[in-house]
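The values are calculated or read from the model by the stated rules, or taken from the named source; none is laboratory data. Quick caveat: nothing in here was measured; it's all calculated off a predicted structure. Cβ atoms come from the backbone with ideal geometry, glycine included; neighbour counts cover every protein chain shown. Protein only, heavy atoms only, side chains kept; ligands, DNA and RNA dropped before computing areas. Shrake-Rupley method; radii C 1.70, N 1.55, O 1.52, S 1.80 Å.
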Amino acid sequence: MAGKSGRTISATPEKSWKKMIFGWEGILILIFIAINIYFSIVSPSYQFANILREMPKYLTEVFLLLPMVYILVLGEIDISVGAIVCLSATMSCMASNNGMPFPAVALVCILVGTACGIVNGIVLINFTELPPMIVTLATQIIFRGIAEIALGSGGSISLSNADGFRSIAGKVGNLVPYIFFLVVIAAIIYGVVLAKTTFGRNIYAIGSNRIAAFYAGVHVQKIRLICYTLLGFMSGIAALFLTSVLYGANTTTGNGFEMDAIAMAVFGGVSNIGGKGRMPGAIISAFIIMCLRIGLGQRNTNPQVILLILGALLILSVLLPNISASLNLKKKTVK
Amino acid sequence: MKENKSILKKITGSREASLIIVLIILCIVIQFRSPSFLTLKSILDMLKNNANTMILTLGMLGVLLIGGIDISIASTLAFSGMSVGMLLKYGIISNTFLLFVIAISIGVLCGLLVGLVISRGKVLPIIATMGFMYIYRAMAYLIGNSQWASAENLGDFKNFALGKVLGLNNVIWIVIICYAIFFIVMKWTKTGRKVYAVGSNMEAAQISGINVKNIQLLVYTVMGTLAGLCGALTTAVYSSAQPNMAYAKEMDVIAACVIGGVSMSGGRGSVGGALLGSLILAIIAKALPLVGIDSIAQNTVKGVIILVVIVLNVLTQRAMDKNNLKGREM
Amino acid sequence: MSEYVLELKGITKIFPGVKALNNVHFQLKKGEIHALMGENGAGKSTFIKVITGVHKAEEGEMFLNGQKVDFKGPRDSQNAGIAAVYQHPTSYPDLTVTENIFMGHEMMKNGIIQWKKMNDEATKLLKQLNADFKATEEVGALSVAQQQMVEIAKALSTNAEIVILDEPTASLTKNESEELYRIVEKLAADGVSVIFISHRFEDMYRLASRVTVFRDSQYIGTYNVDEITNADLIKAMVGREINDLFPKPEVTLGEEVLKVEGLSRLGYYKNVSFHVRAGEIIGLTGLVGAGRTEVVESVCGLTRADEGSVYLDGAKVTIKQPSDAMKQGIILLPEDRQKEGLIMSWGLGRNVTLPVISTYAKHGFTDEKKEQQIAKQLLEEVDTKAVSIFDAATTLSGGNQQKVVVAKALAQNMKVVIMDEPTKGVDVGAKAEIYQIMGDLAQKGYAIILISSEMPEILGMADRIIVMCNGKVTGELNRQEATQEGILELAMEKSK
């Protein structure tokens, strides 16, 4: 029955780098360059070495961003990550103060995070009727609540011996912090998995049309569980590095991290409707926001201004494409 | 089997009835453990201290009914509260009534902006309100320029929360008035019906000529208005205005709605449910120390309760569906 | 004053990429029941939405009682006395019957809704319709037929002069249909003009005095029901003799491939058994809601059956999810292409290869080159009208979308292909192509299950026809012995 009409269908793809340069990622790169030029002109201390020194604080959030992109591409949301970071950090500090060796402490930190992620995932795949927003709202309160109980009336804990944590906060050549390399490696892994593997393709399929993906044989619930678990796992890692900067934890540790991670992803072109967005965009956006924070911080700008800019960026990055799309549509119908 | 169905239906069908039962059991248990609980004074205190959650729950009811969400409300509250605080602190305005008008106006504008971005800009509610959560919170900080307003700054304004009309605290009056207005609007006016219609089946609402965008705009504006009002109320009740006030309050409010049976996907929920949901949450917070649970465990208990409630919802719904299927003759 | 209560002239409605209505006309007399007929996708539903102001036509004029009108939105048409009951109930599932009936035109007094009065009025309306449910019940808990009744009550409550019913009998049993006929006749007797859309001839003969036929978005003609023969009407609707439409090849049947035995799922179907042989096309039919789709969904692992077993090539198989079914060689091509069959925002190629990516992947990494090659080959094989395999599925017409869905099945090594309403919303030309593909597949030795509500399709393509009614198999007919009447009788068994 082959092609009675003899019609041929092209199978030559558009180059993906072209799509990126002329797409949202291209705009993000321009913004990134512009911001860096601006700060290096107006601020004498905006230098490479200084930026690297201030980075670790902000890089911890990138650990959360990576799996959060998966969750958002799935068309879902997880607002419990900040609380997971808090609980993991608290538990690792307690483990350390109880005299555990550092490798065991690190393991505790990561396992606690992973366990929290699994809890989210298991509730969500067993009760698919529930929106992830409300489930993670509840677990957010629970996870932070457990940390509050563990921390007791003081509400905070300090490391009595921070040697182990100091060792991961070290720097290569006294310049580039370890965490930078780790973030880069993690970002590459997460990016490649999303773009190049069957797992990544399935994530996009679920986010674009969950039902059609299920009909096509995608293991929807298994993939959701894995994604939530990954988010928990990375929250554990983030908590570990956060503790290595803060030497302790308290009830407000990780406050707002979930929002920051989601904001970075959305600004990076990842849509919470699902099925849209790529890892490079999210990572560039993370670095833009990091540079903004460092640059404005050096200029002694009120840190709240950064929140203001972040909020505006978040809304505009979704609003502007929507407006231009609806204008285009109007033009078309008029024609 | 038929009887079984009707019993199940009665319990789950009237969400309010089951919530009232929960509330009564809760009260009895607590009263048993701590006789000081059910005194008029302690109840009134509780209402006064939870006034802002109770009022915000109403606005959130509207937002959730149309299938939306608003997590910017705590920031709006802080923005309006700080505005009031700063106006008093620098002695620009000291008239209590005028200050309330200003606080509410700020809320209206904040809500209107949120509503415009969501209804006209077609930005997802969670993303849009997350953005405004940052922006309004930043405004709260910036307007105070790292200052805050303490009790002595607030002058006469804080007396509003102490004043009484007909023997009842002003703050409680405001809560009652808000609930009365909402109850009437949601049940007995066309506008209320439209909100339910949009949430239950947006496409059908459009086909039947309801302007969905305007309903969205309205709901978010009302939410902002109430948040603005609560900014002034909170400042008066706690005699202080700080830029980080009501941090994460939106989560409490959403939780109250969910406990009160408001569906996150829209179309389901009532003013009575919102009232009961916020009352249950308030009583739990108040009662935990009374029954010997350390106040430190409060949040954990709260979270577990939310989780249990939503899971129970799903389970009863599944049981009901199964019962309906059994009823199908073949 | 004009002879017609409603008259439309030269209506053209364009959607991005499609002309949904092309210069169509329509005239409705006062108090008449006017049938509007045409195949799926002929433009009937779009036409209704133009009348009710939901869509705005690009060209054409509309007259109400001789006056030119220009509806800006649904509100305008409601105010002008037009009420529509849409094909898919547009009710509010979370609200009560009363709330549904009066949504948008509540009874008010001093700005306050009069609930008691409305409840009474709703009860009265329901009584008029012989409804077996209460005005205070939640609509979501009602059956489809009952929801339909709520919609009709809604139309009645507006005291409309023109009532439009879009496929109201599609999901009703015979008794319920009779009830509906009675209601419609009563309406007409009261002077209301009714537009009745259906593709059941029975409805038309029973009710209508005149019939207007659309085909491929165009106006074909208006006829007096008494004066037109069945064959002429079919010709007007389909545009050709029915015989050339179904190229059913002669196939020597092979071994039994799939056997379903005693399958039951609470509330959906009960004790369903059937089998298919290689090269055989079996038709699975029945009214909407008879449980046809639900049975095959369980066979393919989308849902779980409570009892019963599925055998493939004589061996019992356990299928827990769609991927298991595909591994065994059973695929379901679902009815709703846009929601279940395709990822509309994706390119065609990726849609075709989604079920098989892991087959070609190396260590979990996708092999895009290979995938593209396969997608190209398969899409050409089914003769998809597309420029590139990277075209989004949204850019294709219904028929071509269906071909992409079929290509999905060809991408894998399948034994049983289940097609659920494969020609729904497909234009006539593409329909013939899909039947051709179906025939080719059978010739290649695939076992095919065709689920369809369209009688000609079932009669034309199937070797054997299995009829379901209310969750049970009520009969099985051979190709030779099957007639439209015979099938309908089995499909409505319960209500006898």
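Here is how the numbers come out for the structure above:
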| quantity | calculated |
| --- | --- |
| Across B:K213/C:K72; C:K362/C:K408; C:K13/C:K339, pairs whose alpha-carbon gap is larger than 18 Å | C:K362/C:K408; C:K13/C:K339 |
| Peptide C:108-120 - average C-beta neighbours from other chains (10 Å radius) | 2 |
| Heavy-atom accessible surface that B and C bury in contact, both chains counted, 1.4 Å, Å² to 100 | 2600 |
| Accessible area buried, both sides summed, chains A and B with 1.4 Å probe, Å² | 3700 |
| Coarse-grained scattering of chain C at q = 0.06, 0.11, 0.12 Å⁻¹, given as base-10 log I(q)/I(0) from a Debye sum over alpha-carbon atoms | -0.31, -1.02, -1.18 |
| Accessible surface of the protein assembly as shown [probe 1.4 Å, protein heavy atoms]: carbon and sulfur percent | 58 |
| 222 nm mean residue ellipticity, helices alone, for chain A (DSSP H n ≥ 4; -39,500 (n - 2.57); rounded to 500) | -25000 deg cm²/dmol |
| Shape metrics for chain B, restricted to C-alpha atoms - Rg then Dmax, Å | 20.8, 77 |
| Interface size A-C, as summed buried accessible area [1.4 Å probe, Å², nearest 100] | 3300 |
| Calculated diffusion of the protein assembly as shown, Stokes-Einstein form, Kirkwood radius summed over Cα pairs, 4 °C and 1.567 mPa s, µm²/s | 39 |
| Net charge of neighbours whose Cβ lies under 11 Å from the Cβ of C:V296, counting Lys and Arg as +1 and Asp and Glu as -1 | -3 |
| FRET efficiency estimate (nearest 0.05) - Cβ-Cβ, C:Q484 to C:D324, R0 35 angstrom | 0.40 |
| Charge context of A:Y190, other residues only, Cβ under 13 angstrom, K/R +1, D/E -1 | +2 |
| Dimensionless Rg/Rh of region C:43-104 - Kirkwood Rh, Rg from C-alpha atoms | 1.02 |
| Reduction of at least 30 Å² in accessible surface, 1.4 Å probe, comparing all protein chains with the chain by itself, residues of region B:135-156 | B:I135, B:A138, B:Y141, B:L142 |
| Using a Förster distance of 45 Å, the FRET efficiency for A:D163-A:N36 (Cβ separation, nearest 0.05) | 0.80 |
| Overall form of region C:381-457 per C-alpha gyration tensor (a/c, 1.5; a/b vs b/c) | oblate |
| Neighbour net charge for C:D313 - beta-carbon separation under 10 angstrom, K R +1, D E -1 | 0 |
| Occluded residues from region A:85-130, i.e. those whose accessible area drops by 30 Å² or more once the chain is not alone (1.4 Å probe) | A:F127, A:E129, A:L130 |
| Mean accessible surface per residue for chain C, computed with a 1.4 Å probe while every protein chain stays in place, in Å² | 41 |
| Compactness index (Cα Rg / 2.2 N^0.38 Å), region C:256-491 | 0.99 |
| Entries in B:K190/C:K134; C:K30/C:K186; C:K259/C:K320; B:K48/B:K190; C:K376/C:K424 that, when Cα-Cα distance is taken, lie over 20 Å | B:K190/C:K134; B:K48/B:K190; C:K376/C:K424 |
| Taking the C-alpha atoms of chain A, convex hull volume expressed per residue in Å³ | 186 |
| Whole-number percent relative contact order across region C:181-234, with pairs defined as alpha carbons under 8 Å at least 6 apart | 22 |
| Potential lengthening between C:A315 and C:K56 on full extension [0.36 nm per residue; Cα-Cα distance subtracted] | 87.6 nm |
| Whole-Å distance, taken between Cα centres, linking region A:281-322 and region A:215-258 | 22 |
| Listed residue (C:V288, C:P249, C:A236) projecting farthest to the positive dipole end of region C:225-325, Cβ model | C:V288 |
| With 5 Å bins from 0: P(r) over region C:263-332, alpha-carbon pairs, percent | 3, 16, 27, 28, 19, 6, 1 |
| Debye, to nearest 20: dipole size of the protein assembly as shown, +1 on Lys, Arg Cβ, -1 on Asp, Glu Cβ | 2560 |
| Point-charge dipole on Cβ atoms (K/R +1, D/E -1) for region C:6-238, about Cα centre, debye to 20 | 400 |
| Buried on assembly, region C:255-271 (at least 10 Å² less accessible surface than by itself, 1.4 Å probe) | C:L266, C:G267, C:Y268, C:K270 |
| Degrees, to the nearest 10: C:144-157 long Cα axis against longest axis of chain C | 20 |
| Shielding of B:313-322 by partner chains, average beta-carbon count, 10 Å | 2 |
| Rounded to the nearest 20 debye, dipole of chain C from Cβ charges on Lys, Arg, Asp, Glu | 860 |
